[in-house]
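Below is the structure I would like to discuss, written out as structure tokens.
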Amino acid sequence: MNDMPIIGAQRQQHLQDAISLSRNMLETAERGDWEGIIELEKQRREGMMAGLTEPVAVEEAEGVEDSLKTLMQLNDQLTGMVQRARSETAQQFTALQNGRNAANAYQSVSKQR
């Protein structure tokens, strides 16, 4: 007997495509291509919606659950990467602002002399 979860071929393809897109999104995030992530997210969302439009049959539940767990894990990784990048960008912005403030203060003092 087959131990693999049963899942409809079309649904399986949509969910596998979503998983592949999620992996591509991680690679894209590693390159810092945030615009690329937005486009991949649109494609992933469309595929997931297509794969989940019909009710899940009892015999498909385990396979769908496995795919969704994988998607959630990949999404958690992506969310972590985005949060780290956002934090780094905020730190860079703060450093830039501090530099500008210091330059403005220096110019202000220089003009008073």
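The rows are residues; the columns are (1) surrounded by 11 or more Cβ atoms within 10 Å (Cβ to Cβ); (2) small (Gly, Ala, Ser); (3) under 18 Å from Gly36 (Cα atoms).
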residue: Val56; (1), (2), (3): yes, no, no
residue: Gly63; (1), (2), (3): yes, yes, no
residue: Ser67; (1), (2), (3): yes, yes, no
residue: Thr70; (1), (2), (3): yes, no, no
residue: Gln73; (1), (2), (3): yes, no, no
residue: Leu78; (1), (2), (3): yes, no, yes
residue: Ser87; (1), (2), (3): no, yes, no
residue: Ala90; (1), (2), (3): no, yes, no
residue: Phe93; (1), (2), (3): no, no, no
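Here's a follow-up. Which fully enclosed helices (runs of 4 or more DSSP H) of the chain have 3 or more residues being of a type in the set (S, T, N, Q)? Explain how you work it out, then say what you get.
On the way: elements: 9-30, 34-51, 61-112.
Ranges flagged: 9-30, 61-112.
Here's something else I'd like to know. Mind listing just one residue for me: the one in the range 14-32 that is more than 12 Å from Val82 (Cβ to Cβ) and free of Cβ contacts under 8 Å to residues at least 24 places away in the same chain and, of those, surrounded by the fewest Cβ atoms within 10 Å (Cβ to Cβ)? Don't jump to the end; show me each part of the working.
In the first step, residues of the range 14-32 are kept if they are more than 12 Å from Val82 (Cβ to Cβ); the result is 14-24, 27, 31.
Subsequent filtering for residues that are free of Cβ contacts under 8 Å to residues at least 24 places away in the same chain retains 20, 24, 27, 31.
On the way: Ser20: 14, Asn24: 15, Glu27: 12, Arg31: 9.
In this case the residue turns out to be Arg31.
Return the pairs, sorted by first residue and then second, in which the second residue is at pLDDT 75 or above, the first residue lies in the range 84-113 and is under 28 Å from Glu30 (Cβ atoms), the beta carbons are less than 9 Å apart, and the residues are 6+ apart or on different chains.
Ala85/Ala29; Ala85/Gly32; Ala85/Trp34
Given the options Glu35, Glu41, name the one that is touching a residue at least 12 places away in the same chain (Cβ under 8 Å) and of a type in the set (D, E, K, R). Don't jump to the end; show me each part of the working.
Values: Glu35 fails: touching a residue at least 12 places away in the same chain (Cβ under 8 Å).
Criteria check complete, one pass: Glu41.
The values are calculated or read from the model by the stated rules, or taken from the named source; none is laboratory data. Remember, predicted model here, so these are calculated numbers, not experimental data. Cβ sites come from the backbone with ideal geometry, for glycine too, and all protein chains shown count toward neighbours.
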